[in-house]
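Below is one structure, written out as structure tokens, with a few remarks after it.
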Amino acid sequence: EEDDIIGDRLCQNYNVESNDNNCTSDINNYILNDEPGEQKNDFYIDNFTDSATSDEDSNEATTEDPRIHEFTNITTTSYCTDLLNLLREAGVSKLHSKRLIALIQSVLPTPNNLPSTMDDLLLFMNIDDLFFKQSFCLVCKQYLEYKQRVCFTCKCFDEKAITDVYNVNVKHVLKTLLKRLSPIIEKYKKNIYDDIDEEETKDIPFGKLYKELLNKYASENIISLILHLDGVSLTRSSNLKMWLFSGSFVELPPSFRYRRYNMILLSIWVAYAEPQSHVWLQSIISQIQLIKMQAITISEVLSYKLKIFAITGDCPALKLVLKFTSHVGYYCCWLCYIRGRHVGGKRQYEFKLPMIMRDRDAYEEESRLAEQKQINVYGHLGLSVLSSVLDIPLPDAIIIDYLHVTLLGHTKALILNIFHSFAPNERLEVDNWFKMQIFPHYFNRKIKPISKFGFVKATEVKNILFYAALPVFQLYLSIEQLSHLALFICFTRLLHGQSIVGLETNKIAK
Ligand SMILES: [Zn+2]
Ligand SMILES: [Zn+2]
């Protein structure tokens, strides 16, 4: 919320500035100069020279913020800001932006201050080129020359074999982000050091692993990242996919941590093929390694040392970046050595005591062995590209999150199972109930019918679990089934909600 307020203030400031520029004396000056009807060429020249001389008088004002041209009060900065905002919000492509700028340029009096190309416009607005684009040939595994769209090494002319990788300038973006966020970070860090868990949610920095990190780097002022990996389809018709590699700051309070503008986007992979983690992430990882060795200076009194705390994502993403077998493989668990069995066309993982857990040394040893011999060692397929930057060793650095496990995992499976145990006409009724359910506007999403659960979002599953499941399912389930479901819902609420009776909950529950 605070951030939004800051945003509002910026807007307000901006408005105030532009109002100031519309100072009345200026306007009067121009009304006097401008005689409507007289639009002959010679008048124009006269008028131009006239205002040019008057400009020299008020030189100080104009060098600060020049007007877009001589016959207006609109400043170049405010005009360019509006133009750029419009182009962005309307989603105008680069090509058409260029045409539009040229079109506007053609009707403006000359000379004028409107930048003539999109690049000039961005340069004028101080918008840095934060991304560095590289193209890569998937066939011969080589980077292509700048702007080259065909690979001449392997004579491959298939555009689908070429992938685009966008890497951010990590140091620059980190510094800018931290400059903005450091007041919030410093405040939260104080709480972390003093072990005051104000919200009593047992947030990540109050946990065991973060304490380990703090002890390990006790002499440094650390800032640590949780890395995220995710793949999204770009179109419905083709399998063009975009993969995102991003990071969020552990030292931000949870309400700030996962906002898009507080996260750092590290790298993007756009291709028709799944990324190969080494090819894709090697250069961004070396950038991170370099930054980890230096200090990130925010001000004269404040600097940070970067640490990498953890990695998270869904199963396909983690499989890819950890070089691990997929979630239906025989040894698919990162934390234990449970072996799947093939029963009735499905892989089953039967729980058996004692559980044999993977530890850090074994994890590393086995992944190294898999890398050397190019074989599968208890699920390892090789050494992860992240192992060189993670400050908490694998497998402890893998965060298994609520969204993927509880919502898209357990809850989704549970709801689907219950749904398919109903008779066909009951299923129609349930879907109808869900369809008719009205929610307050701040829920942002409607309930999706369970028959169309293929593309369900985690928030939708959450709304069904906490708000819609019990009232609707009670019409169809036996009391025992319903009680079990209710227990699961209560359990999830308690586990992920704020603690009601303080940190002693588990003692009281006994
Ligand atoms: Zn090639
Ligand atoms: Zn396990």
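The values are calculated or read from the model by the stated rules, or taken from the named source; none is laboratory data. Worth saying up front: this structure is predicted, and the values here are computed from it rather than measured. A quick note on method: Cβ atoms are made from the backbone with ideal geometry, for glycine too, and the neighbour counts reach across all protein chains shown. Accessible surface is based on the protein model in full, side chains and every heavy atom, while ligands, DNA and RNA are left aside. Shrake-Rupley method; radii C 1.70, N 1.55, O 1.52, S 1.80 Å.
A few comments on the model shown:
- His410 accessible area, assembled protein chains, probe 1.4 Å, Å²: 110
- Coordinate range along principal axes, alpha carbons of region 143-201, Å, largest first: 62, 25, 13
- Three-way shape label, region 402-509, alpha-carbon gyration tensor, a/c 1.5: prolate
- Calculated FRET efficiency, Asp194 to Lys216, Cβ-Cβ distance, R0 = 22 Å: about 0.70 to the nearest 0.05.
- Listed by chain and number, the lysines whose C-alpha is less than 25 Å from the C-alpha of Lys155, apart from same-chain residues fewer than 8 away, are Lys133, Lys141, Lys147, Lys241.
- Theoretical FRET efficiency, 1/(1+(r/R0)^6), r = Cβ-Cβ of Glu426 and Phe71, R0 56 Å, to 0.05: 0.15
- Using the empirical formula 2.2 N^0.38 Å as the baseline, the Cα radius of gyration of region 332-385 reaches a ratio of 1.26.
- Shape category assigned to region 321-428 from the gyration tensor of Cα positions, a/c cut at 1.5: prolate
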